[in-house]
1. Considering (1) in a helix (DSSP H, G or I); (2) surrounded by 11 or more Cβ atoms within 10 Å (Cβ to Cβ), say which one V16 fails and leave the rest.
2. Restricting to region 46-69, count the residues that are of a type outside the set (V, I, T), surrounded by 11 or more Cβ atoms within 10 Å (Cβ to Cβ), in contact with a strand residue (DSSP E or B) (Cβ under 9 Å, 6 or more places away or on another chain) and outside any strand (DSSP E or B).
3. Of everything in region 70-91, what is of a type in the set (S, T, Y) and exposed (fewer than 13 other Cβ atoms within 10 Å of the Cβ)? Give them in sequence order.
4. Kindly provide the set of residues from region 83-93 that are in a loop (DSSP other than H, G, I, E, B) and under 12 Å from the mean Cα position of the chain (by Cα), ordered by number.
5. Cβ-Cβ distance below 9 Å, separation of 6 or more or different chains: which pairs start in region 31-43 with a residue that is farther than 14 Å from V73 by Cα and buried (at least 17 other Cβ atoms within 10 Å of the Cβ) and end on one that is modelled with pLDDT of 85 or more and among the hydroxyl-bearing types (S, T, Y)?
Amino acid sequence: MGPRAAPFDGSGLFHVPVPHVGNQNVSTEEADAVERVVATLTRDGASWTDAEGERHPLTLEDILIVAPYNAHVAELSQRPPGMRVGTVDKFQG
């Protein structure tokens, strides 16, 4: 059996299921999951490669979190300082 890949190894989209019931505009369960994903992505040694092939450490400034509702943005904004969080409208304008 070979080495196990990191949970977000490579590029593209990754599905992270989050079980919850009854949440409409905000979900602490989803916010907790986002916080765990960001912690995983920014841990020591995580990096990204730019168009010129140079590797850089992955930081909070490299991650953009898009949430569907302002209430969810507010919940996520209380998480680790420095996370860039907003709705689609915020990032389009």
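The values are calculated or read from the model by the stated rules, or taken from the named source; none is laboratory data. All values reported here derive from a predicted model rather than from experimental measurement. When we count neighbours, we look across all protein chains shown, and the Cβ atoms used for this are built from the backbone with ideal geometry, even at glycine.
1. The number of the failed condition is (1).
2. Of the residues in region 46-69, 5 are of a type outside the set (V, I, T), surrounded by 11 or more Cβ atoms within 10 Å (Cβ to Cβ), in contact with a strand residue (DSSP E or B) (Cβ under 9 Å, 6 or more places away or on another chain) and outside any strand (DSSP E or B).
3. none
4. M83 - this is the single residue of region 83-93 that is in a loop (DSSP other than H, G, I, E, B) and under 12 Å from the mean Cα position of the chain (by Cα).
5. Once the first residue is farther than 14 Å from V73 by Cα and buried (at least 17 other Cβ atoms within 10 Å of the Cβ) and sits in region 31-43, its partners that are modelled with pLDDT of 85 or more and among the hydroxyl-bearing types (S, T, Y) give T42/T59.
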